[in-house]
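**Q** Could you have a look at this structure, given as structure tokens, before my questions?
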Amino acid sequence: MDKRVYISEDERQRCQKVADAFAELYELEHIVVMDVGRYGFVKLQYYIPERGFENVITFTDSKSMFEDLWQEWLDTRLYLMGLDEGMDDPDYEEVYQKLPKEKQQELISRKADFAKRAGMHL
């Protein structure tokens, strides 16, 4: 049996920091990020009882994991803001463009906050 390792221990620790930094996302959206040992980390998304998770994405690189979770957080926030505005199926870009410039900047500046929590340099 092949015992290949797909992620270094250092990268696994960096990925764990990224996963921890985005903990609030898991409460907003049906997402779970898990350490799967030598395989890296997986993001499980959109659970359907009869079939399991619709999306399964594997990460072995903390930078790509950070960017994916950042985009997921931003999209989720924009979607929820659109729903609050009475939109039936909010388009992320449309919601963003309708926001005041200050609110747009506030959202975008959160990326630096997540990066700091994750120990990432942008």
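The values are calculated or read from the model by the stated rules, or taken from the named source; none is laboratory data. Note that this is a predicted model, so its numbers are computed, not measured. When we count neighbours, we look across all protein chains shown, and the Cβ atoms used for this are built from the backbone with ideal geometry, even at glycine. The area values use the complete protein model at the heavy-atom level, side chains included, leaving out ligands, DNA and RNA. Shrake-Rupley method; radii C 1.70, N 1.55, O 1.52, S 1.80 Å.
**Q** Any chance you could count how many residues in segment 14-38 are over 16 Å from residue 63 (Cα atoms) and assigned to a helix (DSSP H, G or I)?
**A** Residues meeting the conditions: 8.
**Q** Now for a different question. Restricting to segment 9-59, count the residues that are closer than 16 Å to residue 73 by Cα, touching a residue at least 40 places away in the same chain (Cβ under 8 Å) and of a type in the set (A, V, I, L, M, F, W, C).
**A** Here the count works out to 7.
**Q** While we're here: In this structure, does residue 92 turn out to be under 28 Å from residue 42 (Cβ atoms), open to solvent by 30 Å² or more (accessible area, probe 1.4 Å) and of a type in the set (Phe, Trp, Tyr)?
**A** yes
**Q** How many of the residues making up segment 45-65 are part of a loop (DSSP other than H, G, I, E, B) and surrounded by 13 or more Cβ atoms within 10 Å (Cβ to Cβ)?
**A** Of all residues in segment 45-65, those part of a loop (DSSP other than H, G, I, E, B) come to 49-51, 60-61.
Right, trim to surrounded by 13 or more Cβ atoms within 10 Å (Cβ to Cβ) and you get 60-61.
Within segment 45-65, residues that are part of a loop (DSSP other than H, G, I, E, B) and surrounded by 13 or more Cβ atoms within 10 Å (Cβ to Cβ) number 2.
**Q** Check whether at least one residue in segment 16-29 is open to solvent by 50 Å² or more (accessible area, probe 1.4 Å), under 19 Å from the mean Cα position of the chain (by Cα) and of a type in the set (Lys, Arg), and report yes or no.
**A** yes
**Q** Kindly check whether there is at least one residue in segment 82-89 that is open to solvent by 30 Å² or more (accessible area, probe 1.4 Å) and modelled with pLDDT of 95 or more.
**A** no
**Q** Say whether the condition of being in contact with a Lys or Arg (Cβ under 6 Å, 6 or more places away or on another chain) and either under 29 Å from residue 106 (Cα atoms) or hydroxyl-bearing (Ser, Thr, Tyr) (or both) is met by at least one residue in segment 79-87.
**A** Checking segment 79-87: not a single residue is in contact with a Lys or Arg (Cβ under 6 Å, 6 or more places away or on another chain) and either under 29 Å from residue 106 (Cα atoms) or hydroxyl-bearing (Ser, Thr, Tyr) (or both).
**Q** Now for a separate question. Might you let me know whether segment 101-116 holds any residue that is among the β-branched types (Val, Ile, Thr) and free of Cβ contacts under 8 Å to residues at least 40 places away in the same chain?
**A** Yes, there is a match, as at least one residue in segment 101-116 is among the β-branched types (Val, Ile, Thr) and free of Cβ contacts under 8 Å to residues at least 40 places away in the same chain.
**Q** For segment 62-80: of the residues being at pLDDT 95 or above and hydrophobic (A, V, I, L, M, F, W, C), which is farthest from residue 121 (Cα to Cα)?
**A** Here the answer is 78.
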